[in-house]
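K.L.:
Could you have a look at this structure, given as structure tokens, before my questions?
The values are calculated or read from the model by the stated rules, or taken from the named source; none is laboratory data. From a predicted model like this one, the values you see are computed outputs, not experimental measurements. Positions of Cβ are generated from backbone atoms using ideal geometry, with glycine treated the same way; all protein chains shown enter the neighbour counts. These area figures cover heavy atoms from the full protein model, side chains too; ligands, DNA and RNA do not enter into them. Shrake-Rupley method; radii C 1.70, N 1.55, O 1.52, S 1.80 Å.
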Amino acid sequence: MTAKRLMSGMRPTGRLHLGHYFGALTNWLHFQNMGGFDPYFSIVDWHALTTKYQNTSEVKGNIFEIALDWLCVGIDPELSTIYVQSAVPEIAELHLLFSMLTPHNWVEREPTLKDMVRMLDNDEAAAKEKVTYGLLGYPVLMASDILTFRGECVPVGKDQESHLEFARAVARRFNHVFNVDYFPEPKPEFTTTPLLKGVDGQKMGKSFNNDLKIADTDGDTTKKVKQMITDRTRIAKSDPGHVDLCEVPWPWYNVIDRDKPDVLALVKEECETAQIGCVACKSRLADHINDYFRPFREKREKLAANPEQVHKIIAHGNQKARKVAGETLAEVRDIMGMTNW
Ligand code: SF4
């Protein structure tokens, strides 16, 4: 049986948080370790330029940080290809070719583009001024990321479903226009972990300063967990709590201790009978998070102390990715009648 090609990527915007780990990386690890898949994991640095093209000084450092995060949690270069998007120029060539056959109203109606525009500026008119050609075309670039490797499945969160639908539409259009059955329509593999909230109960994100990072120390983690919003109706320690109203710690327990029903039953019981206060309950949660991530953090420190090893892994992945990408582009040029001169 041939292994199914699986493709996914992340922007190098800084150290990854635990939402990235539980929302994406655990899914990647699942497919990497179950066998039967040939995973390609890309650090998509061109995508980082779609909104931050003026400031490229941090991109290189962020690529290294993201590689450390991936490797320390168990992404294994023996089982998965880890590469940097800009080291594979064939992706840009496919992006250009796809941009010729993608109707412009497809990109304009992308729902995530509207969200990105809002993030650029609260004033809609001012935000529109900031939309570059590259930002408008990022769904086409994303389709190229996947289809350069003829990816058959893509692990994604529900919020990214529209991107994948776009890539599927581009694959269908290419096959239809050139009357071939060349590109597979990549299928989503949805993560089953619920979205983790930041300590303030809002969406977790670096820019909101409410995230817990894989690379945080035990002390950082404990300090941040202490700030988590709990059950707002619980005023005194002697008041019984309600786990269903507990905004952040209880949902986190359900992720960190998801395989330990006895722990979850104990937390619920102690909360609802006021046997424990929120301060102590959060301190225990911080311990559980630190126990879970300690081995990863130790591995991360060792890798960070040996940057040549990390660069070698990336260079090897780049080489492997380029080989596959080169084969795809040679076939695409052939199909399109764009002779390899
Ligand atoms: Fe949440 Fe724990 Fe407080 Fe209950 S005791 S409200 S579970 S932090």
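K.L.:
Can you figure out the FRET efficiency of T2 with M336, using R₀ = 35 Å and their beta-carbon distance, to the nearest 0.05? Mind dumping the intermediate values first?
P.N.:
Details: r = 26 Å, r/R0 = 0.73.
About 0.85, to the nearest 0.05.
K.L.:
Answer rounded, prolate or oblate for segment 2-43, using the Cα gyration tensor with square roots of eigenvalues a ≥ b ≥ c: rounded when a/c is under 1.5, else prolate when a/b is larger than b/c, else oblate. Don't skip to the end; give the middle numbers.
P.N.:
Values: a/c = 4.07, a/b = 1.75, b/c = 2.32.
Oblate shape, in that a/c is at least 1.5 and b/c is the bigger or equal ratio.
K.L.:
Mean separation of Cα pairs under 8 Å and 6+ residues apart, divided by the residue count of the chain: what relative contact order is that in percent?
P.N.:
Working: 474 pairs, mean separation 72.7, N = 341.
Rounded, it is 21 percent for the chain.
K.L.:
Express in nm, to one decimal, how much length is gained between Y53 and H311 on full extension, taking 0.36 nm for each residue of separation and deducting their alpha carbon distance.
P.N.:
Values: separation 258, 0.36 × 258 = 92.88 nm, distance 2.41 nm.
Stretched out fully, the Y53 to H311 stretch lengthens by 90.5 nm.
K.L.:
Which angle between 0 and 90 degrees, to the nearest 10, do you get for helix 59-73 versus the longest principal axis of the chain when only C-alpha atoms count?
P.N.:
It is inclined by approximately 60 degrees.
K.L.:
Turning to a different aspect of this structure: So, by mean Cβ neighbours within 10 angstrom, what's the order for 206-214, 233-241 with the highest one leading? Don't skip to the end; give the middle numbers.
P.N.:
Numbers: 206-214: 17.3, 233-241: 12.8.
Order by mean packing, descending: 206-214, 233-241.
K.L.:
Rounded if a/c is under 1.5, else prolate if a/b is larger than b/c, else oblate: which is the chain, with a ≥ b ≥ c the root eigenvalues of its Cα gyration tensor?
P.N.:
Details: a/c = 2.11, a/b = 1.76, b/c = 1.20.
Prolate, because a/c is 1.5 or more and a/b exceeds b/c.
K.L.:
Moving on to the next point. Order H20, H163, H47 by their accessible area, 1.4 angstrom probe, all chains in place, largest first. Working shown, then result.
P.N.:
Details: H20 60, H163 30, H47 5 Å².
These residues rank, largest area first, as H20, H163, H47.
K.L.:
First compute the accessible area of the chain with a 1.4 Å probe, then give the percent of it belonging to carbon and sulfur atoms.
P.N.:
Within the chain, the accessible surface is 54 percent carbon and sulfur.
K.L.:
Can you tell me the dipole magnitude for segment 187-260 around its Cα centre, using point charges on the Cβ only (Lys, Arg +1; Asp, Glu -1), in Debye to the nearest 20?
P.N.:
140
K.L.:
What number, rounded to the nearest 500 deg cm²/dmol, is the helix-based mean residue ellipticity at 222 nm of the chain, given -39500 (n - 2.57) per DSSP H run of at least four residues and division by all its residues? Can you show the working numbers first?
P.N.:
Values: 15 runs with 183 residues, N = 341.
For the chain, the value works out to -16500 deg cm²/dmol.
K.L.:
Is the shape of segment 1-84 best called rounded, prolate or oblate, per the rule: a/c under 1.5 gives rounded, else a/b larger than b/c gives prolate, else oblate, with a ≥ b ≥ c the square roots of the Cα gyration tensor eigenvalues? If you can, show how the numbers build up before the last one.
P.N.:
Values: a/c = 2.36, a/b = 1.84, b/c = 1.28.
The shape class here is prolate.
K.L.:
Then there is this: Sorting R297, R109 by accessible area (1.4 Å probe), largest first, what list results?
P.N.:
Values: R297 25, R109 145 Å².
My answer, sorted largest first, is R109, R297.
K.L.:
Run the simple label-point estimate for A304 and D287 please: 7 Å along Cα→C-beta, distance reported in nm.
P.N.:
Going from the A304 label point to the D287 one covers 2.6 nm.
K.L.:
Counting C-alpha atoms alone, how compact is segment 216-301: give Rg to one decimal and Dmax as a whole number, in angstrom.
P.N.:
13.2, 43
K.L.:
Okay, moving on. Take every DSSP beta bridge whose two residues both sit in the chain, then give the antiparallel share in percent to the nearest 5.
P.N.:
Numbers: 3 of 19 bridges.
Restricted to the chain, the bridges split so that about 15 percent are antiparallel.
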